[in-house]
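Structure, as structure tokens:
Taken together, the values in this text are just the output of simple stated rules run on the coordinates, not laboratory data. Computed from a predicted structure; not experimentally measured. With ideal geometry, Cβ positions are generated from the backbone for all residues, glycine too; neighbour counts draw on all protein chains shown.
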């Protein structure tokens, strides 16, 4: 079976072309995820949102996934396969972007289609907020399961090859989407004199990604046809069974990686949602400059994530790399919270941390989990991760409102307590990374060994 299966993925051109096609979704969806982050103040003025409401809208992305939809999506992926699962969930992703952009638009807020209905219930909340929350929920439902699809696609094409590097490049494309959102959102609304331009540009990017996904399916079909001639026994061994779930939850290495995933990402992505506003308030930078400076983080990951992916492919040390990434995260947030050090270097170091952990974490899962359970494993991770992505944007906004309730309008906001909360997440992350390294010595998965087969 392996000789047949390698017919396509032994070709470097085929592997990397498939990766590019599937990973454009990472770029476009990450752009849309952060499209409002650099124009937070403008959005709040247009939609009349408090910091808590902005955080609720931002975190709504994770609502359904926190209650298990990414987990269910992962199981569906193992049962249905890439084509069916990917098509369903990229559709949710695309529809969610349209609804979110429509909800924030001046067109909707001029009492257009759906406005009266949305305004007829929960009257304490603006129609724009309610429509955007609906859109973000659908967007998150589609995006998180599609990221599981992407992870399984990468494992399918690159296991035994440049596995960590492939994960890293896919992640780097996503970070480039984040950087693009921070750079271009303020410029798009400045040039058009309208907030609408930034999110609708994001919708167009997602449409391009949807088209390229269907192009990828041509490659996926050819891959599967080459495997279809394998004997029945091998096919039966690869099928997912529900009792395999128990094996995942008995795998301590998987548990520690999952817990590290939720604490680490909860200390980074929610921070990004407030980062431009934080820089604007603490250092009195303009909104445009604040957005530009925030791109230091994702641009750093674009450079370093592939580099660290290459390192773990050839040198190993996955668990050690995650420990160092968690330590850097703590140092950066402490610097932001309790000092007035110029943000340039801390943002760069945070980019390094945000390269180290994902570059080692995602390929490590493919090392410790059988391929038949891989979609479910990633689904569990994304579902648990989304509890953090749901709660912490809300908590950051809530703490920000509470600790600044006596601040005069227009005066700078104090983010110290909100960011100290993220320091605590970093401490938990380093504990789980240390436990993972200790467990690897017992389990024998070899996470400290190179990913690439010689």
Inset, instruction - May I ask for the angle, rounded to the nearest 10°, between helix 163-192 and the longest principal axis of the chain, with both axes built from Cα atoms and the value confined to 0 to 90°? - result: 20 degrees
Legend entry - Theoretical gain in end-to-end length, residue 44 to residue 443 [0.36 nm per residue, Cα-Cα removed]: 138.6 nm
Legend entry - P(r) tail fraction, segment 375-454 - alpha-carbon pairs more than 17 Å apart, %: 68 percent
Inset, instruction - Work the Kirkwood hydrodynamic radius out for the chain: mean of 1/r over every pair of different alpha-carbon atoms, inverted, in Å. - result: 22.2 Å
Legend entry - Gap separating the Cα centres of segment 406-432 and segment 46-97, nearest whole Å: 26 Å
Legend entry - Order of 53, 448 under a 10 Å beta carbon neighbour criterion, fewest first: 448, 53
Inset, instruction - Report, to the nearest 10°, how far helix 252-266 tilts away from the longest principal axis of the Cα atoms in the chain, using its own Cα long axis and a range of 0 to 90°. - result: 20 degrees
Inset, instruction - May I ask you to derive the relative contact order of the chain, considering only C-alpha pairs under 8 Å and at least 6 residues apart, and to give it as an integer percent? - result: 29 percent
Legend entry - Gyration tensor (Cα) of segment 286-423, equivalent ellipsoid semi-axes in angstrom: 32, 19, 12
Inset, instruction - Treating the Cα atoms of segment 14-87 as identical point scatterers in vacuum, please give the log10 of the normalised Debye intensity I(q)/I(0) at q = 0.11, 0.20, 0.24, 0.27 Å⁻¹, two decimals. - result: -0.46, -0.98, -1.12, -1.20
Inset, instruction - Return the ratio Rg/(2.2 N^0.38 Å) for segment 336-408, where Rg is computed over Cα atoms only. - result: 1.60
Legend entry - Cα pair count fraction exceeding 27 Å, expressed as % - segment 52-189: 32 percent
Legend entry - Gain in span if fully extended, residue 222 to residue 67, counting 0.36 nm per residue against the direct Cα distance: 52.3 nm
Legend entry - For a label point 7 Å along the Cα-to-beta-carbon line of residue 371, residues of segment 68-101 with backbone N under 19 Å: 74-86
Inset, instruction - May I ask for the angle, rounded to the nearest 10°, between helix 269-283 and the longest principal axis of the chain, with both axes built from Cα atoms and the value confined to 0 to 90°? - result: 40 degrees
Legend entry - Rg ratio (alpha-carbon, reference 2.2 N^0.38 Å) - segment 97-169: 1.68
Legend entry - Label-point separation in nm, residue 16 to residue 215, each point 7 Å along Cα→Cβ: 1.6 nm
Legend entry - At q = 0.23, 0.26, 0.30 Å⁻¹, base-10 log of I(q)/I(0) for segment 266-309 (Debye sum, equal scatterers on each alpha carbon): -0.78, -0.88, -1.00
